[in-house]
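S.K.: A single structure is presented below for examination.
A short reminder: the numbers here are calculations on the coordinates, not readings from a lab. Everything numeric here is computed off the predicted structure, so don't read it as measured data. Cβ placement follows ideal geometry from the backbone for every residue including glycine, while neighbour counts extend to all protein chains displayed.
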Amino acid sequence: MIALVRTRTLRALRAGLAEAESTAETDRLSATLATDSAIRAEATIETLRRALAEAQADAAGARGEAAVLATEHLLDTEDRVTLRMLLRTARRQNARADRVYVLFRYGRLHGVYATRDGAEIAAEAEGAPRDGWTSPRTCCDASAVPASEVPWRIRPFPLGGEER
């Protein structure tokens, strides 16, 4: 079978074929670009997923370290409190009293105290003035007032029988 085709139709067919081939080439290039973009996007997604996993692992490690540090801080604080308490106890035991303070009221024994402050507080609780406490006068002082005329007097007495 022989087909006769006119030249104009042949040209139109060849132009259509060239246009179809050009469109196909453009579509192939677009598909290649889309494929390349998709591959790059998948690679970027994988990189971001790995970075996220590393960041989550780092965050979990940091939370664990923070918990350990918080526990250590609490233990350190507790240790410091315990050490302070032990130091106070040791100081109290080492600071043995070498004297007592005797509180007299009009020359008569009123009480015996471990510290001068304790004696003053006891006297003030009984109505003694808050100020005006003086040291006891010596025996040779001409202006010494008899003990029976002094409302409140505190006198230190050494322990162990020696007077200082």
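S.K.: When all C-alpha to C-alpha distances in region 1-43 are sorted into bins of 10 Å, what percent of pairs does each bin hold, rounded to whole numbers?
M.R.: Percent of pairs per bin, in order: 25, 26, 21, 15, 9, 4.
S.K.: Mind giving me the nanometre distance, one decimal, between the label points for LEU75 and LEU159, set 7 Å out from Cα along Cα→Cβ?
M.R.: In this crude spin-label approximation the distance works out to 4.0 nm.
S.K.: Just grab the label-to-label distance for ALA41 and VAL5, each label 7 Å out from Cα along the Cβ direction, in nm (one decimal).
M.R.: About 4.1 nm, to one decimal.
S.K.: Separate question: Between 0 and 90 degrees, rounded to the nearest ten: what's the tilt of helix 116-125 against the longest Cα principal axis of the chain?
M.R.: 80
S.K.: Restrict the search to region 1-84; then list the trypsin sites (Lys or Arg not before Pro) that DSSP places in a loop and that have at most 12 other Cβ atoms within 10 Å of their Cβ.
M.R.: ARG6
S.K.: Please give the calculated 222 nm ellipticity per residue for the chain, where each DSSP H segment of at least 4 residues contributes -39500 (n - 2.57) and the sum is spread over every residue; nearest 500 deg cm²/dmol?
M.R.: -22500 deg cm²/dmol
S.K.: Assuming R0 = 45 Å, what is the FRET efficiency of LEU87 and ALA57, from their Cβ-Cβ distance, to the nearest 0.05?
M.R.: E(calc), rounded to 0.05, equals 0.50.
S.K.: Relative to the first principal axis of the alpha-carbon coordinates of the chain, what is the inclination of helix 7-94, with its axis defined by its Cα atoms, in degrees from 0 to 90 and to the nearest 10?
M.R.: For 7-94 against the chain, the angle is about 10 degrees.
S.K.: If you project the alpha carbons of the chain onto their three principal axes, what span does each projection cover, largest first, in Å?
M.R.: 161, 31, 25
S.K.: List the GluC sites (Glu not before Pro) within region 27-133 that DSSP assigns to loop and that have no more than 16 neighbouring Cβ atoms inside 10 Å.
M.R.: Those satisfying the criteria are GLU126.
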